[in-house]
Amino acid sequence: MIDFKRPQLTDKAWIDPIFRASGLRSCDYTFPNLIAWAEAFDKTVAPIEGFVAVYMGMDGGYYEWSAGSGDRRALICALAQDAEERGRPFRLLGLTEEQVGELDGMFPGKFTFDTYRNAADYCYTVDKLADLAGKKLHAKRNHIHRFEENYPDWRVEEIDKVNLNQCLALAQDWEQAQAEAGLDDWNERKGENALRLCIRYYEELELEGLILYGEGRPLAFTMGRSIGGDTYDVIVEKAYADIQGAYAMINREFARWVRVHHPEIAYLNREDDMGEPGLRKAKLSYHPDLMAEKYLAVLKPGETL
């Protein structure tokens, strides 16, 4: 059985270079995301011959499509054997359409494939979110205009050691408001834990972010980090829900910040919607330019590799 272990900050030294070199757009291939959601999804990791193998113990067990380079066929066989030893079906999660073809080419007819819509990442061009041009985004511009009218002294600051605690205070207010509204569910609780980990290890994870101020107080904040290649992962975004335009404004300002500081970035990955109707509606309202779809591959009963 493969010796999978819960990822620690010290694992960044070997995982980060492999993730960054992968060329994959999925938010699953950033080290901060891995650390932040490890507990929620029972994620464990192991180095296997140039690959980062990730196992999720939830819902009967899944293996993520592994980032890395080397003998992928041997890797797949090793993961399948591990699943057999655990007495669980062999399931690979997070494949792109190209990877579906690659896996089926290595093992023709051995797997079934299905899209996993709830895990699809929403990707937008940096320019779209920075400029909000065109009819489709007219409502977003209106929200921002209302915000600017209500907070003419608004400003943004980069997150640093001095103002980081302001993010935590805002997050706590947001959590309390959710609880009071009866919206405290599993996804929210796990999301809150992930957010706290990002705040706690902001510097160690090499995160970047902005705080939006109005009338001298924090109204919203966001954090992210480059996945590598042409895509940037927006990992965290929180704002006071009762302040019109706060979310639209921090979204726009961070896109503008990324455009200036990371000219190599073409897409902002705003991650998946976890199947939540409200979150799905919000992400679709920005009209994604690319959906980073993810497929689930399951070894057919009776088949062996």
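Remarks
- Selection from segment 246-305 of residues that are under 21 Å from Asn33 (Cα atoms) and part of a strand (DSSP E or B): Tyr267, Leu268, Asn269, Leu290, Met291, Ala292, Tyr295, Leu296
- Any hit, segment 9-26, residues being of a type in the set (Phe, Trp, Tyr), over 15 Å from Gly224 (Cβ atoms) and either open to solvent by less than 30 Å² (accessible area, probe 1.4 Å) or assigned to a helix (DSSP H, G or I) (or both): yes
- For segment 192-208, the count of residues that are in a strand (DSSP E or B) and in contact with a Gly (Cβ under 7 Å, 6 or more places away or on another chain) is nonzero.
- Among the residues of this structure, Ile227 counts as one that is at pLDDT below 95 and buried (at least 22 other Cβ atoms within 10 Å of the Cβ).
- Any pair with Cβ under 9 angstrom, 6 or more apart, that starts in segment 126-152 at a residue that is closer than 24 Å to Gly214 by Cα and ends at one that is open to solvent by 10 Å² or more (accessible area, probe 1.4 Å) and among the β-branched types (Val, Ile, Thr): Phe147/Ile243; Asn150/Ile243; Tyr151/Ile243
- Those residues of segment 47-97 which are aliphatic (A, V, I, L, M) and open to solvent by 40 Å² or more (accessible area, probe 1.4 Å), in sequence order: Met58, Ala74
- Picking from residues in segment 110-125 that are under 30 Å from Thr304 (Cβ atoms) and either of a type in the set (Ser, Thr, Tyr) or free of Cβ contacts under 8 Å to residues at least 40 places away in the same chain (or both), the one that is surrounded by the most Cβ atoms within 10 Å (Cβ to Cβ) is Tyr116.
- Residue list for segment 84-101, restricted to those being within 20 Å of Tyr55 (Cβ to Cβ), without any contact (Cβ under 8 Å) to a residue 60 or more places away in the chain and within 27 Å of the chain's Cα centre (by Cα): Arg88
- Residue check, Leu296 open to solvent by 40 Å² or more (accessible area, probe 1.4 Å), of a type in the set (A, V, I, L, M) and within 22 Å of Arg25 (Cα to Cα): no
- Exactly one residue among Gly101, Gly109 is farther than 23 Å from Phe31 by Cα and assigned to a loop (DSSP other than H, G, I, E, B), and that residue is Gly109.
- From the options Leu95, Leu129, residue that is at pLDDT 95 or above and under 12 Å from Ala297 (Cα atoms): Leu95
- Unique match (being over 30 Å from Lys5 (Cβ atoms) and either part of a helix (DSSP H, G or I) or touching a Lys or Arg at 6+ places or on another chain (Cβ under 9 Å) (or both)) among Ala130, Ala83, Ala171, Ala74: Ala130
The values are calculated or read from the model by the stated rules, or taken from the named source; none is laboratory data. Quick caveat: nothing in here was measured; it's all calculated off a predicted structure. So basically every Cβ, Gly included, is an ideal-geometry build from the backbone, and we count neighbours across all protein chains shown. Calculation scope for accessible area: heavy atoms of the full protein, side chains included, ligands and nucleic acids excluded. Shrake-Rupley method; radii C 1.70, N 1.55, O 1.52, S 1.80 Å.
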